[in-house]
Amino acid sequence: MASRAPRRPPFDTPPDLLDFTPSEDQRLIRDTVAEFAAEHLRARAGEADAAGAAPDDLVTKSAELGLSLLGVPEELGGVATARSAVTATLVTEALATGDMGLAVACLASSAVSTALVLWGSGEAQEAYLPEFVGDTVPAAALAILEPRAVFDPFELRTVARRTAGGFVLDGAKSLVARAAQAEMFVVAAELAGQGPALFIVEANAPGLSVEAEPAMGLRAAGTGRLDLAAVHVPETALMGDAEPAAYAECVRLSRLAWCGLAVGTAQAVLDYVIPYVNERVAFGEPVSHRQGVAFKVADIAIELEGMRLATYRAAARADAGLPFARETELARRLCADKGMRIGSDGVQLLGGHGYVKEHPVERWYRDLRAVGVASGVVLV
């Protein structure tokens, strides 16, 4: 019997002029998510950071926003009419203004639903996507990063070997969001003789084990490590037909998502330090009257706008079906370097208050350091 053809969203029509102004629908989605982030994520971020996990009820509330529907075409039960990297970037940025770690926890499942749409086989879409567009969205995660220094997503040590009726996976994955709760994973592995590829692995597969792996930042994401020892998966678990272009696109779209997280968190830093330096009085006047302080705040705003525009440009090219590798790498480098500096400057502008947990900037600084080292987890 012939296999069912997968359904993919079409590319969007690029505008005649370069314009990153969100559409009315995009503004509505972004504003709704930003309101949720301000009311729910920001209020419980400290609690989640201390616990090293996102509260289940909070993740459930975020799923009710329809985050996993954004990348799924209408004929598959979602809301997308075309590729939606820009919309997903706006959502990612808005969530991160509340808290990056919680944003990662809330977005982990939508990364898998987007991966199923873009690279899943027809059988995989039929088997798994209904769960992501239903009332209860399963916990799931995209696992690319491996536990070693100077990780390169195109030189994987997790390997996959063909066997009769499927594949066998061996290796380890690091900093996997909500690893302990996930019901399925999309795992990157080196397919012998073909290069890096993506595989669907269910959490109850024999040979798969999960252990906690708390990190310096993103603590609210409940990160863990996956160990795969002779894990068998069927033929339909292979995504993207093992085409190198499919895996490369996954890496780039993930990097764009991390850029969105960096932009949102950096915006939170800026929004926090401006009233602080205006209200903090030293030597009879607000500290913002000092040029060293005022110039540092201005630098944050300038670098943030550059991060945002570079990210939007790369996402818009991805939606239009244009080459976006160069633009993605420029955005990633800018967001990793400048985002970390913005986090550090935020701590510095608060002086001694920047070092204590009474103020959230120390958490944002720890989270922003993840942008330069993380791979996978989120996807636009």
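Quick notes on this structure:
- Residue match in the stretch 306-317 (condition: more than 30 Å from VAL251 (Cα to Cα), surrounded by 18 or more Cβ atoms within 10 Å (Cβ to Cβ) and at pLDDT below 95): no
- Any chance TYR355 is crowded, with 19+ Cβ neighbours inside 10 Å, among the hydroxyl-bearing types (Ser, Thr, Tyr) and either within 27 Å of VAL281 (Cα to Cα) or in the same structural domain as ALA268 (by TED's automatic domain parsing) (or both): no
- When each of GLU35, GLU74 is tested for being outside the structural domain of TRP258 (by TED's automatic domain parsing), at pLDDT 95 or above and surrounded by fewer than 18 Cβ atoms within 10 Å (Cβ to Cβ), the lone residue that passes is GLU35.
- Residue count, the stretch 345-358 (criterion: in contact with a Gly (Cβ under 9 Å, 6 or more places away or on another chain) and of a type outside the set (A, V, I, L, M, F, W, C)): 4
- Sole residue being within 27 Å of GLU213 (Cβ to Cβ), within 17 Å of the chain's Cα centre (by Cα), in contact (Cβ under 8 Å) with a residue 12 or more places away in the chain and not assigned by TED's automatic domain parsing to the domain that holds THR223, chosen from VAL269, VAL347, VAL361, VAL373: VAL373
- Residues of the stretch 143-174 that are among the hydrophobic types (A, V, I, L, M, F, W, C), crowded, with 16+ Cβ neighbours inside 10 Å and at pLDDT 95 or above: ALA143, ILE144, LEU145, LEU156, ALA160, PHE167, VAL168, LEU169, ALA172.
- So SER121, is it buried (at least 24 other Cβ atoms within 10 Å of the Cβ) and not assigned by TED's automatic domain parsing to the domain that holds THR311: no
- Pairing each residue of the stretch 126-137 that is in a helix (DSSP H, G or I) with any residue that is of a type outside the set (Ser, Thr, Tyr), provided the two are 6+ apart or on different chains, yields C-beta distances under 6 Å for TYR128/LEU116; LEU129/LEU76; LEU129/LEU116; GLU131/PRO138.
The values are calculated or read from the model by the stated rules, or taken from the named source; none is laboratory data. Since the model is a prediction, treat every value here as computed from it, not as a measurement. In this analysis, Cβ positions are derived from the backbone assuming ideal geometry, glycine residues included, and neighbour counts consider all displayed protein chains.
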